[in-house]
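Comments concern the structure below.
The values are calculated or read from the model by the stated rules, or taken from the named source; none is laboratory data. Quick caveat: nothing in here was measured; it's all calculated off a predicted structure. Please note: Cβ atoms are built from the backbone with ideal geometry, for glycine as well, and neighbour counts cover all protein chains shown.
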Amino acid sequence: MADKRAFAKFDVGYLDNPKMLDVLDSSLHAICMHFASVLYCSQHLTDGIVAPKAMQRTTGGSDEDVQILLESGLWHAPGHDCENCPQPPANKVYVHDFLEHNRDSAEAKRVSEKRSKAAKARWDSDANSNANRMQSALQKDDVCNAEREREKEIPKPKGLGGPRKRATRIPDGWTPSDELANAMLAE
């Protein structure tokens, strides 16, 4: 089964990036805020838009950490001059190059819908298959019930179906008559 959790893309050299090294030298909280902002945008499908205050609460960052991320170019405030990144609304920031490295919300929703349709098709297929098996079992049960009813209608030979009589021993020296012996041999 496919993993249904949301994922974000990070370069394995994330912490070795010269921009990151400068931020690391300034504040570990700022790096955590940037990391958290990428994850938040991926999880909530915000296309790279995030509230700095929310990231501060999440990571324990400060206003100074927000300034570090803005000055390093990892976040963009409204009115920024980066040609690659869209302008965020007031009181929000844009995570630099977020959509260059992560899928946008429209693509994430398309994938989710496609997976939902595939799951529904599998479910419907299983339901139809189960319904067919159930119908077959019910038909077999109907046949068995009909056979039981027919058996009830057929009169049973005497001596069968009632209480059993105790057997008696054959007396010593008894031999069957010629007529009985011939009848037994004929069978």
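Here are a few things to note about the model shown:
- Qualifying position, being surrounded by 10 or more Cβ atoms within 10 Å (Cβ to Cβ) and touching a residue at least 12 places away in the same chain (Cβ under 8 Å), among Arg103, Arg115: Arg115
- Residue, farthest from His44 (Cα to Cα), within the range 77-126, restricted to residues that are of a type in the set (Gly, Ala, Ser) and at pLDDT 80 or above: Gly79
- Residue count for the range 50-76, restricted to those that are in contact with a strand residue (DSSP E or B) (Cβ under 6 Å, 6 or more places away or on another chain) and modelled with pLDDT under 95: 0.
- Within the range 78-96, tally of residues that are within 27 Å of Asp22 (Cβ to Cβ), surrounded by fewer than 17 Cβ atoms within 10 Å (Cβ to Cβ) and free of Cβ contacts under 8 Å to residues at least 24 places away in the same chain: 7
- Of residues in the range 16-44 being in contact with a helix residue (DSSP H, G or I) (Cβ under 8 Å, 6 or more places away or on another chain) and among the hydroxyl-bearing types (Ser, Thr, Tyr), the one surrounded by the most Cβ atoms within 10 Å (Cβ to Cβ): Ser37
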